[in-house]
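Have a look at the structure below before the remarks.
The values are calculated or read from the model by the stated rules, or taken from the named source; none is laboratory data. Predicted model, so just to flag it, every value in this text is computed and none were measured. Here Cβ is always computed from backbone atoms with ideal geometry, including for glycine, and neighbour counts include all displayed protein chains. These area figures cover heavy atoms from the full protein model, side chains too; ligands, DNA and RNA do not enter into them. Shrake-Rupley method; radii C 1.70, N 1.55, O 1.52, S 1.80 Å.
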Amino acid sequence: ARITPTPLGEGKSTVTVGLVQALTAHLNINSFACLRQPSQGPTFGVKGGAAGGGYAQVIPMEEFNLHLTGDIHAITAANNLLAAAIDARILHENTQSDKSLYNRLVPVVNGVRGFSAIQLARLRRLGINKTDPETLTEEEMSKFVRLDIDPSTITWQRVVDTNDRFLRKITVGQANTEKGFVRQAQFDIAVASEIMAILALTTSLQDMKERLGRMVVANDKKGEPVTAEDLGVTGALAVLMKDAIKPTLMQTLEGTPVFVHAGPFANIAHGNSSVLADKIALKLVGEKGFVVTEAGFGADIGMEKFFNIKCRASGLVPSVVVLVATVRALKMHGGGPNVTAGAPLKKEYTEENLQLVADGCCNLQKQIQITQLFGVPVVVALNVFKTDSPAEVDLVCKIAKESGAFDAVPCNHWSAGGRGAVKLAQAVEKAANQKNSFKYLYSLELPIVEKIRIIAQKVYGAQDIELSPVAQSQVDRYTRQGFGNLPICMAKTHLSLSHQPERKGVPTGFILPISDVRASIGAGFIYPLVGTMSTMPGLPTRPCFYDIDLDPVTEQVKGLF
């Protein structure tokens, strides 16, 4: 995990790769890295790729950052099939009688009328224990054919894996053929789809199929949840996802194995690579081996969700947390000028300034404390840049150790590969032998609002939380529908411990505003939205795609980083 980052990122993937290279290529210890698959949105937008960098990266980098084995395309196809099914079902129910719907949903084929398996399952859920289509009463027929979706409650959006800000709000159904059924909708980026979160948390094909079926897409006009299973699309979604469930095996520059699998958004979803990749990797490295898996954004977001959501799904207990920090980010937290993607760094970041570093270490200390809430030993990995002075590096490591880190180690893997992370690997090995008293932050039995409050106060340092009327009514609805015992997945900015990205360091005394509360029932979490949260990034004035090109003779991709 890492401290609260600058908008440039602090090299968490690079540290992950450097660490496994050090463990395996230099210390001869079996290890595996488990990384998320990057979205093409950031790859062509601002952030660039996510394969690591310098001499600590995953190869082939071009494959890693582009389509890879098509998992994200499979998610897009499955997600949009479900979106199409919702609108089509509403249209057909609006324009046909019960009898007409029944005849089309259960047609006569070669003189025989029969229910499909998913339709029989729906009948059982409705309490209709009949298998002969000819025996349903008119009332049972009506119950079976009408989902009665309330269009104002549809939460399932279409997705595309491109940063396209103009799809943030759209109108669908404008063609005459849609009979005036027009509604406002939106596109999310593909990695924000609940299907991506399910892929990352599932443990088997059977489990994935069940989770896909449980996805709630809307409520009916009585306020009851409508699921993918109700729409009859679960089996088709599973077919589209059957290959995506398999992790992709790659390697680092030094030949250490890497699993690349899943890439859920780290703000509105849990931002971790897959449970399956972790479990297969653990099996392969053996008892004394190490699996290094990363969590998105800062420890306050990705790591908290790793522990409270992913560890609950996998049943796995982490041995060590590696907390990545940079002098650059610490200076920003100490009051340094704004860091903007694409703009040159100000001199405060390229010249020695021990006071800024010391003042900014408050954020590092807070992230160490957050880790300690879960009872897992923490090793600080200081990702060293060429502009960092030895005195700055020493100061960070000294403060980190004084603040409760098991160890704090400067790392030079970007320039030296695995050799530059050997001390980190040794520290991690020693920390893994420490007493581990891992615990979750909250009990699932607590009310939804109480779980949100615990995260806000204990992790973010908020004074309290404030729910909007919309958020409170959603909490009441989910509790009534029986979803109150799910873990919480906070959708919050990663650029501050608070909800305000401009507040650096360790903000205190703030009230955390919860504007809305949504649910990913298939993935298995409730996600409160803190302030406004975009699920579709936009392109900047000068996106990365200006530098990306293909040599038509060698077929070499240029400009990806």
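Data for the structure
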| quantity | calculated |
| --- | --- |
| Filtered residues of the stretch 248-291 (kept if farther than 24 Å from E429 by Cα and free of Cβ contacts under 8 Å to residues at least 40 places away in the same chain) | L249 |
| Single unsatisfied condition, G315 versus (1) surrounded by fewer than 19 Cβ atoms within 10 Å (Cβ to Cβ); (2) touching a Leu at 6+ places or on another chain (Cβ under 8 Å) | (2) |
| Inter-residue pairs, beta-carbon under 7 Å, first under 21 Å from R89 (Cα atoms) and in the stretch 126-146, second open to solvent by 70 Å² or more (accessible area, probe 1.4 Å) and not in a loop (DSSP other than H, G, I, E, B), 6+ apart | L126/K143 |
| Considering residues of the stretch 510-561 that are assigned to a loop (DSSP other than H, G, I, E, B), loosely packed, with under 12 Cβ neighbours inside 10 Å and not polar (S, T, N, Q) only, the residue farthest from the chain's Cα centre (by Cα) | V553 |
| From F265, F307, F297, residue being modelled with pLDDT under 95, within 27 Å of P528 (Cβ to Cβ) and out of contact with any Lys or Arg (no Cβ under 8 Å at 6 or more places or on another chain) | F265 |
| Residue in the stretch 488-497 that is at positive phi, surrounded by fewer than 22 Cβ atoms within 10 Å (Cβ to Cβ) and not in a strand (DSSP E or B) present | no |
| Residues located in the stretch 524-541, provided they are under 21 Å from F166 (Cα atoms) and among the hydrophobic types (A, V, I, L, M, F, W, C) | M533, M536, L539 |
| Subset of the stretch 56-115 [touching a residue at least 12 places away in the same chain (Cβ under 8 Å) and of a type in the set (G, A, S)] | A56, G70, A74, A77, A78, A83, A85, G114 |
| Per-region count, the stretch 269-287, residues surrounded by fewer than 24 Cβ atoms within 10 Å (Cβ to Cβ) and modelled with pLDDT under 95 | 1 |
| Filtered residues of the stretch 298-335 (kept if free of Cβ contacts under 8 Å to residues at least 60 places away in the same chain and either charged (D, E, K, R) or in contact with a helix residue (DSSP H, G or I) (Cβ under 7 Å, 6 or more places away or on another chain) (or both)) | L316, K331 |
| Condition met for G484 (in a loop (DSSP other than H, G, I, E, B) and in contact with an Asp or Glu (Cβ under 8 Å, 6 or more places away or on another chain)) | no |
| Qualifying residue in the stretch 426-441 (condition: closer than 30 Å to S473 by Cα and either outside any helix (DSSP H, G or I) or open to solvent by less than 20 Å² (accessible area, probe 1.4 Å) (or both)) | yes |
| Number of the condition not met by A343 [criteria: (1) in a helix (DSSP H, G or I); (2) among the aliphatic types (A, V, I, L, M); (3) surrounded by fewer than 17 Cβ atoms within 10 Å (Cβ to Cβ)] | (1) |
| Filtered residue count, the stretch 149-169, keeping only those that are surrounded by 14 or more Cβ atoms within 10 Å (Cβ to Cβ) and more than 16 Å from F265 (Cβ to Cβ) | 5 |
| Residues being hydroxyl-bearing (S, T, Y), in contact with an Asp or Glu (Cβ under 9 Å, 6 or more places away or on another chain) and closer than 24 Å to F306 by Cα - total across the stretch 364-401 | 0 |
| Failed item in (1) crowded, with 16+ Cβ neighbours inside 10 Å; (2) aliphatic (A, V, I, L, M); (3) touching a strand residue (DSSP E or B) at 6+ places or on another chain (Cβ under 9 Å), with V470 passing the rest | (1) |
| Considering residues of the stretch 346-386 that are touching a residue at least 60 places away in the same chain (Cβ under 8 Å) and outside any helix (DSSP H, G or I) only, the residue most open to solvent (accessible area, probe 1.4 Å) | L373 |
| Check on L330, of a type in the set (A, V, I, L, M) and closer than 30 Å to G538 by Cβ | yes |
| Count of the stretch 443-461 residues which are in a loop (DSSP other than H, G, I, E, B) and either open to solvent by less than 10 Å² (accessible area, probe 1.4 Å) or modelled with pLDDT under 95 (or both) | 0 |
| Filter result (buried (at least 24 other Cβ atoms within 10 Å of the Cβ) and free of Cβ contacts under 8 Å to residues at least 60 places away in the same chain) within the stretch 1-34 | none |
| Condition broken by G404, with the remaining ones in (1) part of a helix (DSSP H, G or I); (2) within 30 Å of the chain's Cα centre (by Cα) satisfied | (1) |
| Residue check for F181: among the aromatic types (F, W, Y) and at pLDDT below 95 | yes |
| Of all residues making up the stretch 413-425, the number that are aliphatic (A, V, I, L, M) and either without any contact (Cβ under 8 Å) to a residue 24 or more places away in the chain or open to solvent by 20 Å² or more (accessible area, probe 1.4 Å) (or both) | 2 |
| The stretch 35-59, subset closer than 18 Å to H413 by Cα and modelled with pLDDT of 85 or more, residue most open to solvent (accessible area, probe 1.4 Å) | Y55 |
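Quick grid of which residues meet (1) in contact (Cβ under 8 Å) with a residue 24 or more places away in the chain; (2) farther than 21 Å from K366 by Cα:
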{"residue": "I448", "(1), (2)": "yes, yes"}
{"residue": "A456", "(1), (2)": "yes, no"}
{"residue": "A462", "(1), (2)": "yes, no"}
{"residue": "I465", "(1), (2)": "yes, no"}
{"residue": "S473", "(1), (2)": "no, yes"}
{"residue": "G484", "(1), (2)": "yes, yes"}
{"residue": "M490", "(1), (2)": "yes, no"}
